[in-house]
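Chemist: For reference, the structure I am asking about is given below.
The values are calculated or read from the model by the stated rules, or taken from the named source; none is laboratory data. Just so it is clear, the model here is predicted, and its values are computed rather than measured. Ideal geometry is used to build each Cβ from the backbone, glycine not excepted, and the neighbour counts take in all protein chains shown. Areas reflect the complete protein model, heavy atoms only, side chains present, ligands, DNA and RNA absent. Shrake-Rupley method; radii C 1.70, N 1.55, O 1.52, S 1.80 Å.
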Amino acid sequence: MAMQFPPSGDDAREADALLPRSDSAGRRRSSPVQSASPRPQGSAGPRRQSSFRHDVGHAASETYLVTRLTFTLLQYLGLGYRWMRQLLALAVYAILLMPGFLQVGYYYFFSSQVRRSIVYGEQPRNRLDLYIPKDNRRPCPVVAFVTGGAWIIGNFPQGTISDMVSDASQGISFVCNNIASYGGDPNQIYLMGQSAGAHISACALMEQAVKESSGQPISWSVTQIKAYFGLSGGYNIHNLVDHFHQRGLNRSIFLSIMEGEEALSRYSPEIVVKESSTRTIALLPRIFLMHGTDDYSIPSSASRTFVDVLQQVGAQATLLLYEGKTHTDIFIQDPLRGGRDPLVEDVFSVIYADDATRQNAASAPTPRRLVFEWQLQLARWISPF
């Protein structure tokens, strides 16, 4: 899915971590955007990056860009029955969950704990959002999160896979080199991606490890990442081309995104791991792959196989399966449902390894429900993902 959900007001108090959200957009557009240097942390914390009026203007320009790219994309896809059915299902799915989306959107635009559209690169959409915990009197753990979107939403045809990986790596570099200025702990940085974002961030991680182990110039080090969380990702693209085609992502379109069949191995982290030196593998952080057993968009076997390969070459890898969960359950429906969230608890158990801080996190207020249960169940049934 393309949408990354910021926490609700109660959730933000619960999560004592900075959560940068990176848009890994392509580089096909050449108009430069002036880089923003981080502002030092003062007694009141970093100042907001832009006014609400500026944010609305930026949102309008982004909407125009996305609309234009959508029409361009539809020219690639055609308007066949399958795509019309998928688009209709997506529209109904979004309408059912709209009450939750509106509350999340209100938090995003009006909460003082959100720093929106921080520029991290020269391309128009090289921007990330920072979610600051309410209590940031001490340096906080940081989760750099790369959103999903089938490699299409927000990316293609504006850019292809190499652009997406490069943008993600640049965003990670910004976090590693600047997060201390926003109250983050540079010694506690975690990398996480969901769906296509899990694949893109894994590619960026492996690409960086290969560069670092061979002595190439780097702007951030893999050793700065304490752990990697891959949520519902695919890591061997060769094995997914036919699956995606059957699910509605046309083979020719997907191969165009991946820059041709000859590039599939390069952008398959599982294959890169098999071909990497022991020196490269030794640089990798702890890896946690998370997947729902009822995920039909990307089968859980993709994570299971990648964990097996990682363990065979000596990397620290753990597989966490969520019984009966679909592709959207653990990322959309469950957070909107409120209450205990097994995924969040699993992530916290890694980040807050110290018993005292884990106890504080566990005692935080329980997130509230944002959508009625009947809407969640109907949305789950009609979801095109």
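Chemist: Answer with one residue from LEU249, GLY292, ALA282: the one whose Cα lies farthest towards the positive end of the charge dipole of region 229-339, charges on Cβ with Lys, Arg +1 and Asp, Glu -1.
Modeler: ALA282
Chemist: Once phi is turned into ³J(HN,Hα) by the Karplus curve 6.51 cos²θ - 1.76 cosθ + 1.60 with θ = phi - 60°, what whole-Hz value does each residue of region 247-261 show in order, with x for glycine and proline?
Modeler: In residue order, the calculated couplings are 7, x, 8, 3, 4, 5, 5, 5, 5, 5, 4, 8, 6, x, 4 Hz.
Chemist: According to the square roots a ≥ b ≥ c of the eigenvalues of the Cα gyration tensor, what is the shape class of region 247-346, taking rounded for a/c under 1.5, prolate for a/b larger than b/c otherwise, and oblate for the remainder? List each step's numbers first, then the result.
Modeler: Numbers: a/c = 2.60, a/b = 1.22, b/c = 2.12.
Verdict is oblate for region 247-346.
Chemist: Please work out whether region 88-129 counts as rounded, prolate or oblate from its C-alpha gyration tensor, where a ≥ b ≥ c are the square roots of the eigenvalues and a/c under 1.5 means rounded, while otherwise a/b larger than b/c means prolate and anything else oblate? Intermediate results must be reported in sequence, preceding the final value.
Modeler: On the way: a/c = 5.85, a/b = 1.60, b/c = 3.66.
Here region 88-129 falls in the oblate category.
Chemist: I would also like to ask the following. What list of ³J(HN,Hα) couplings, whole Hz, do you get for region 103-112 from phi and the Karplus terms 6.51, -1.76, 1.60, once you set θ to phi - 60° and write x for glycine and proline?
Modeler: Rounded to whole hertz, the list is 5, 5, x, 4, 4, 4, 7, 10, 6, 6.
Chemist: Quote the relative contact order of region 111-331 in percent (integer), defining contacts as alpha-carbon pairs under 8 Å separated by 6+ residues.
Modeler: Details: 394 pairs, mean separation 38.7, N = 221.
Normalised by residue count, the contact order of region 111-331 is 17 percent.
Chemist: Still on this structure: For region 111-331, what % of the accessible area comes from carbon and sulfur atoms, probe 1.4 Å? Provide the component values of the computation, followed by the final result.
Modeler: Values: 3490 of 7540 Å².
Reported share for carbon and sulfur atoms: 46 percent.
Chemist: Arranged from highest to lowest average of other beta-carbon atoms within 10 Å per residue, in what order do the peptides 221-230, 91-100 appear? Intermediate results must be reported in sequence, preceding the final value.
Modeler: Numbers: 221-230: 20.4, 91-100: 17.0.
In descending order of packing, they fall as 221-230, 91-100.
Chemist: Let me ask another. Determine the per residue accessible area of region 111-331 with all protein chains present and a 1.4 angstrom probe, expressed in square angstrom. Show your work: numbers first, answer last.
Modeler: Values: 7540 Å² over 221 residues.
Heavy-atom accessible area per residue stands at 34 Å².
Chemist: Check VAL143: other-chain or 5+ apart residues with amide H under 5 Å from its amide H, H built from backbone geometry?
Modeler: Here the answer is LEU18, LEU19, TYR190, since their amide H atoms fall under 5 Å of that of VAL143.
Chemist: Please state the charge dipole magnitude for region 111-331, taken about the Cα centre, from unit charges on C-beta atoms (+1 on K and R, -1 on D and E), reported in debye and rounded to the nearest 20.
Modeler: 660 debye
Chemist: Would you pull out the residues with amide H under 5 Å of ALA317's amide H, same chain only if 5 or more places away, H placed 1.01 Å from N?
Modeler: ILE287
Chemist: Moving to a separate point now. Any idea how far apart LEU378 and SER265 come out in nm if each label point goes 7 Å out from Cα toward Cβ?
Modeler: 5.0 nm
Chemist: Ordered by packing density, taken as the mean number of other Cβ atoms within 10 Å over each peptide's residues, highest first, how do 191-199, 372-380 rank? Could you put the intermediate results ahead of the total?
Modeler: Working: 191-199: 26.9, 372-380: 15.4.
Output ranking for 191-199, 372-380: 191-199, 372-380.
Chemist: To continue, here is another question. Can you list residues whose amide H is under 5 Å from SER195's amide H, if they're 5+ apart or on another chain and H is modeled 1.01 Å from N?
Modeler: Amide H to amide H, under 5 Å and 5 or more residues apart or across chains, SER195 pairs with LEU231, SER232, GLY233.
Chemist: Within the set of other residues whose C-beta is less than 10 Å from the C-beta of THR328, count the net charge using Lys and Arg as +1 and Asp and Glu as -1.
Modeler: On the way: positive: LYS325, ARG380; negative: ASP295, ASP329, ASP334.
Here the count lands on -1.
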